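A.B. asks: Attaching a single structure in structure tokens format; questions to follow.
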Amino acid sequence: MHILGSLPLEHSAQIAAARLKVFAGLLTYKADVPQEGRVRSGRIAGVDQEMRISSAPTLFGERIVVRFFSPENQCQSIESLGFDEPV
């Protein structure tokens, strides 16, 4: 991953949520009902990967959850998926 730019901090959560919803085929204009979708991300390190996206309304706005699945049931570290190690 490479940084291509930055988003205004006050809008970044809404932009990221909308983009994830588009990837998963969810309705971007519906934030008041729970939704679920999936994204097949292809092969990473020779293993098929899938992300499942869930959105749910809360008292403080919409919340998005991303779950990573490997259909081949192989455990992957977060670093092997291309993300930085948690701080």
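A.B. asks: Excluding ARG38 itself, what net charge comes from residues whose Cβ is under 10 Å from its Cβ, given Lys and Arg +1 and Asp and Glu -1?
C.D. replies: Every neighbour counted, the sum reads +1.
A.B. asks: For PHE68, PHE83, which order do you get if you count the other beta carbons within 10 Å of each Cβ and list the fewest first?
C.D. replies: PHE83, PHE68
A.B. asks: Please give me the summed charge of the neighbours of ALA17: other residues whose Cβ is under 13 Å from its Cβ, Lys and Arg +1, Asp and Glu -1.
C.D. replies: Details: positive: ARG19, LYS21, LYS30, ARG63; negative: GLU62.
Cβ neighbours under 13 Å give a net charge of +3.
A.B. asks: Per 0.36 nm of contour for each residue apart, how much would the distance between VAL22 and SER77 grow if the chain were fully extended, relative to their Cα-Cα spacing?
C.D. replies: In short, 17.2 nm is gained.
Read the figures in this text as sums done on the coordinates, not as results from a lab. Bear in mind that the values here come from a model prediction, so they are computed numbers and not experimental data. Note that each Cβ is placed from the backbone with ideal geometry, even for glycine, and that neighbours are counted across all protein chains shown.
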